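These notes concern the structure reproduced below.
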Amino acid sequence: MKIFHAPNTRSVRIVWLFEELGLPYELEKYRLGDPAMRSPEYSKVHPMGRVPALQDGATTIFESGAIVQYVLARHGGGRMAPEPAAPEFPQYLQWLHYAEGMIMPPVNTIVVETILLPPERRNQVNVDRATKLLSRMLGAVDAHLEGREFLTGAFSGADIMTGHACTVAIGLGADVSDKPNIAAYVARLNERPALQRAWAA
């Protein structure tokens with residue numbers, strides 16, 4: 001399988017997943033903003049010219065959450081995802097999708113307003129609103145982690161998705177001084193050798 005990857009993007013999630021599962025993969029690396037990602041050839045892989053994307057034989061799939069769910073269903077061998085009949089399955093799905101539904105929208109706003117836009121076009125009101133919203137989103141994770149090591153019992157695809165989003169948020173300066181569970185959670189995740197290899201990829 002081939003992973004289309006750029007460092008310090010959501011594609012880290014997919015490399016991390018493959019490393020945790022011990023699945024072989026080929027890495028096609030780009031840098032963020034690489035002109036090659038806007039080429040007609042790459043648009044056949046990802047129509048928006050982004051990463052991650054995954055090629056598995058004749059199948060091409062993009063969107064990190066979809067890739068995580070696909071890989072675990074097709075190649076996970078029952079690992080890192082509860083069965084649909086398991087009592088933890090609903091929470092697993094919730095936290096699998098929480099990253100993109102709740103955490104990353106305010107993260108995206110902060111990145112655009114503080115990094116991507118030139119200073120004269122930045123809007124501090126947008127930053128303040130997104131920062132407040134992000135704190136609420138992380139607060140829900142912190143509350144859920146009380147007494148838990150991972151989001152749904154054992155380490156799972158939900159931790160790949162939402163754990164990565166939490167790490168990114170903290171890296172952008174999100175204040176978790178009042179969220180000890182999430183701070184400890186992110187520290188635990190980043191001690192995992194598979195994630196360390198993914199960051200280094």
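None of the figures in this text is laboratory data; all of them are computed from the coordinates on show. Here the structure is a predicted model, which means the values were calculated and not measured. Don't worry about glycine lacking a Cβ; one is built from the backbone with ideal geometry, like all the others, and counts go over all protein chains shown.
A few remarks follow.
- Both the radius of gyration and Dmax for region 2-80 are 12.1, 39 Å, in that order, over alpha-carbon atoms.
- Cα→Cβ-extended label distance, 7 Å offset, between Glu83 and Arg197, nm: 2.9 nm
- What you get for the chain, charging only the Cβ of Lys and Arg (+1) and of Asp and Glu (-1), is a dipole of about 400 debye around the Cα centre.
- By the helix-only formula, in which each DSSP H run with n ≥ 4 contributes -39500 (n - 2.57) and the sum is divided by residues, the chain has a 222 nm mean residue ellipticity of -13500 deg cm²/dmol.
- Using a Gaussian network model of the chain in which every pair of alpha carbons under 10 angstrom is joined by a spring, one finds that among Ile115, Ile103, Ile182 the greatest mean-square fluctuation is at Ile115.
- Using the Karplus relation 6.51 cos²θ - 1.76 cosθ + 1.60 with θ = phi - 60°, the per-residue 3J(HN,Hα) values for region 112-120 come to 4, 6, 10, 10, 7, 7, x, x, 6 Hz, with x marking Gly and Pro.
- Gained length - Arg38 relative to Ala143, 0.36 nm times residue gap less alpha-carbon distance: 33.7 nm
- Each other residue within a Cβ distance under 15 Å of Leu134 adds +1 if Lys or Arg and -1 if Asp or Glu, for a net charge of -2.
- Every Cα-Cα pair in the chain was counted, and those over 20 Å apart are 58% of them.
- Surrounding net charge for Asp56, when Lys and Arg each add one and Asp and Glu each subtract one, Cβ distance under 12 Å: +1
- Where labels lie 7 Å past Cα in the beta-carbon direction, separation of Gln94 and Phe150 in nm: 1.8 nm
- The mean sequence distance of close C-alpha pairs (under 8 Å, at least 6 residues apart), as a share of the length of the chain, puts its relative contact order at 24 percent.
- Taking the charge dipole of region 2-80 about its Cα centre, with +1 at Lys and Arg Cβ atoms and -1 at Asp and Glu Cβ atoms, the residue from Ser43, Val71, Phe4 reaching farthest to the positive side is Ser43.
- Taking 11 Å as the cut-off, the amide N atoms of region 172-201 that come nearer than this to a point 7 Å along the Cα-to-beta-carbon line of Asn8 belong to 172.
- Close lysine pairs were tallied over the chain: pairs 8 or more places apart or on different chains with Cα atoms under 25 Å apart number 4.
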